[in-house]
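Structure record follows, encoded as structure tokens.
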Amino acid sequence: MKDISQKILIFAGTTEGRKLSEYLVKAEMSHTVCVATEYGEIVLEKYPIVEVHKDRMEQKEIERFLQDKQFTVVIDATHPFAKDITENIKAAVNEVQKTGIKVLYLRIKRDNIKHTENNITYFKTNEECAKALENIEGNIFLTTGSKKLSVYCVSEKVKNRLYIRVLPSIESLMLCEKQEICAKHIIAMQGPFTTEINEALIRQYNISCLVTKESGITGGYLEKLEAAKKTGIKVCVIGCPEENVEYSFIDICNKLEKICGKKIQIDNHMEIILAGAGMGHESCLTKEVEEAINRADIILGAERLLENIYCKSEKHPYYTAEQIIPYLQNVQKKNLLMEYKRVVVLFSGDSGFYSGCRSLYLELKKQIREKRLNASVRILPGISSIAYLAAYTGESYQNASIYSMHGKKLYNLVQKIKNSPLTFLLTSGVKDINKLGQLLVRADMQNCEIITGYQLSYENQRIEKHTPLECLELKEDGLYTCIVKNPYAIKKNLTHGIADKYFIRGQVPMSKEEIREVSICKLRLHKGAVVYDIGSGTGSIAIEIAALSSDIQVYAIEKKEEALSLIQTNKDKFELDNITIKEMIAPDGLSNLPTATHAFIGGSGDRLKEIITTLRQINNKMRVVINAVTIETICTIKEILSMNITKEEEIIQLNINKVRERGNYHLMQSENPVWICTFIFNG
């Protein structure tokens, strides 16, 4: 098809018109752009293949212009409320068509969003709105431009309360002067305007009512409504006029592609940066993060982090993948005008240190890989509160233990502090500090010193020393990071092994120390393991496993009331939070527990086969260790191994002899032999 791109005429009065011209330039499609004012010409980029015509034209002038230049496509991208110019363009095109010249008229449709909140009132015309303003008290923020200013100045009751935002052009200012608008009531600014700018102007001028056109997404309509909502003021909206035929921006591009035989590339690629924002105050931003924020079109993050960010960017308090992913997809869907290309998501502290950054990064990469987002994503580090507090106090954290209580359960905290002379803790607030003090007092660790960093980096920052008892009394909520110094730290053993004498036993049977150690070794536990201790007895196996790592979750399963009480007593004695006690008769109820990776069976109550069958249904790759002391149990194990549901089977027998003193003599005393059977389900 013949290239007629040189016959394209764009009547530009909106962002869409300017952006369409830029896209045509990239597609090497020459065209003419008509603007009404000198300001309209200034904001257009200069390109050799673009001719700019600056002047207001009536219908007859447009007719002559179309005929003289022999335009084939006329695109009306004037403002939705510039009704007169649209009527003149359409009428001129109709007259030219009557002469036999083929001219295609295309009107760009703006995205408009309806709002029905209680504080929004709609009007069909400016005249209706101006009349209604007479009955609304307080200052009025008029954001409809200068062309219809005279309508709002008819009534002195309205005129004297108007604060008018207009373009910083001579024409706009002259119209204000003509209506004798007081200079301090004129706000001459060029958009786009963020919610924050609108909100600031509303507060500065004590505005009670905002007047706006329903000008669509690119006209800053949403930002005005959001600012009005935040400040609680009324909104008067002049509804968008009805149009007979209109096309979306993408439809216009598609039509021009077919007419001209050239591809128009619409680049809505996003650059997403996940950035560590430090403690929250802007003074703690790295230079790289600060530059990213200044360049951003959109900034997302927790509300606390956004409070201190002052820039032109659009800001939203979104910080989870569930909030951010749909939002970005929606923005990109409407981002045909390339208004939103750079997005920064802020995370407190360092992006790689106890941060939600990693999970969002992985989800974004997945969305990009599956082509649900056209974007790139990268991470920028920040300064963590741990590093800040360490520097401020002169402590080093290179050999310290570092944990987080912020938004998560931290298991076995007392044991962690007992085993470390220096522990750094991220917390969720003063309640975590209170809890820390309570745990240390209960564990008789009142010799510990707690250094709290309150509101680090902010003006009300405080760094103080406390005893555990003093921590119980703290009441001022806010952001806390702390250091726990334990002068009597005990080095943790690298191997498990708790002597029998340290367990509280009562009359409940307990696996002997040596049997426990071998059985636990045979389980071959790993980080993140979930273990069922079936027939837990005193809980000695559960205690030893849980003490290995707070990353292991243990479910102590027992049916006897006395045994259940002993398990709880031993759990409390060893200060272990990662043991859950379950009163049940296995295998009943096992399927309702989190899926186990390992199981130890110390007592089966003649239901060993049923237990094994249920365990295999729960996880067909589970590793199982069984202790047996009776011939009957050994026979059942033999039957299970012959069922071809296991692999890597191993059976050993342990016969422990211990030296006992009898008067002046030391005699060997034999314990009952124990069979230890180990296997993995074969899938």
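Brief remarks on what is shown
- Qualifying residue in the stretch 144-155 (condition: of a type in the set (A, V, I, L, M), buried (at least 16 other Cβ atoms within 10 Å of the Cβ) and under 38 Å from the mean Cα position of the chain (by Cα)): no
- The set of residues in the stretch 150-172 that are part of a loop (DSSP other than H, G, I, E, B) and under 20 Å from residue 189 (Cα atoms) comprises 161, 167, 168, 169.
- The condition (being in contact (Cβ under 8 Å) with a residue 24 or more places away in the chain, under 25 Å from residue 671 (Cα atoms) and among the aliphatic types (A, V, I, L, M)) is satisfied by just one residue among 515, 585, 557: 515.
- Every pair of residues 6+ apart whose Cβ atoms lie under 6 Å, when the first sits in the stretch 596-624 and is closer than 11 Å to residue 681 by Cα while the second is of a type in the set (D, E, K, R) and not in a loop (DSSP other than H, G, I, E, B): 598/623
- Test: residue in the stretch 405-413 that is polar (S, T, N, Q), more than 14 Å from residue 489 (Cα to Cα) and either in the same structural domain as residue 352 (by TED's automatic domain parsing) or within 30 Å of the chain's Cα centre (by Cα) (or both): yes
- Any pair with Cβ under 8 angstrom, 6 or more apart, that starts in the stretch 205-225 at a residue that is not assigned by TED's automatic domain parsing to the domain that holds residue 186 and ends at one that is modelled with pLDDT of 85 or more and assigned to a helix (DSSP H, G or I): none
- Test result for residue 180, more than 20 Å from residue 234 (Cα to Cα), part of a helix (DSSP H, G or I) and not small (Gly, Ala, Ser): no
- Search result, residues across the stretch 270-292 that are part of a helix (DSSP H, G or I) and in contact (Cβ under 8 Å) with a residue 60 or more places away in the chain: 283, 284, 288, 289, 292
- In the stretch 585-608, the residues that are farther than 15 Å from residue 623 by Cα and part of a loop (DSSP other than H, G, I, E, B): 585, 586, 587, 588, 589, 593, 594, 603, 604, 605, 606, 607
- Counted residues, the stretch 628-681 - those being touching a Pro at 6+ places or on another chain (Cβ under 9 Å), within 22 Å of residue 525 (Cα to Cα) and polar (S, T, N, Q): 1
- Test for residue 264: is it surrounded by 13 or more Cβ atoms within 10 Å (Cβ to Cβ), over 24 Å from residue 461 (Cα atoms) and either more than 19 Å from the chain's Cα centre (by Cα) or β-branched (Val, Ile, Thr) (or both): yes
- Test: residue in the stretch 374-397 that is in a loop (DSSP other than H, G, I, E, B), closer than 26 Å to residue 454 by Cα and in contact with a Pro (Cβ under 9 Å, 6 or more places away or on another chain): no
- From 139, 160, 198, residue being at pLDDT 90 or above and either in the same structural domain as residue 307 (by TED's automatic domain parsing) or exposed (fewer than 15 other Cβ atoms within 10 Å of the Cβ) (or both): 160
- Within the set 571, 638, 560, the sole residue that is in contact with a strand residue (DSSP E or B) (Cβ under 7 Å, 6 or more places away or on another chain) and not aromatic (Phe, Trp, Tyr) turns out to be 571.
- Some residue of the stretch 601-612 being more than 43 Å from the chain's Cα centre (by Cα), within 21 Å of residue 541 (Cα to Cα) and among the basic types (Lys, Arg): yes
- Residues of the stretch 271-304 satisfying the condition of being in contact with a Leu (Cβ under 7 Å, 6 or more places away or on another chain) and at pLDDT below 90: 279, 280
- Among residues of the stretch 54-83 that are closer than 18 Å to residue 38 by Cβ and assigned by TED's automatic domain parsing to the domain that holds residue 98, those with a Cβ under 8 angstrom from a residue that is aromatic (Phe, Trp, Tyr) and not in a loop (DSSP other than H, G, I, E, B), sequence gap 6+ or separate chain, pair up as 57/65; 78/11.
The values are calculated or read from the model by the stated rules, or taken from the named source; none is laboratory data. Not measured: the values here are computed from a predicted model. Positions of Cβ are backbone-derived with ideal geometry, glycine not excepted, and every protein chain shown enters the neighbour counts.
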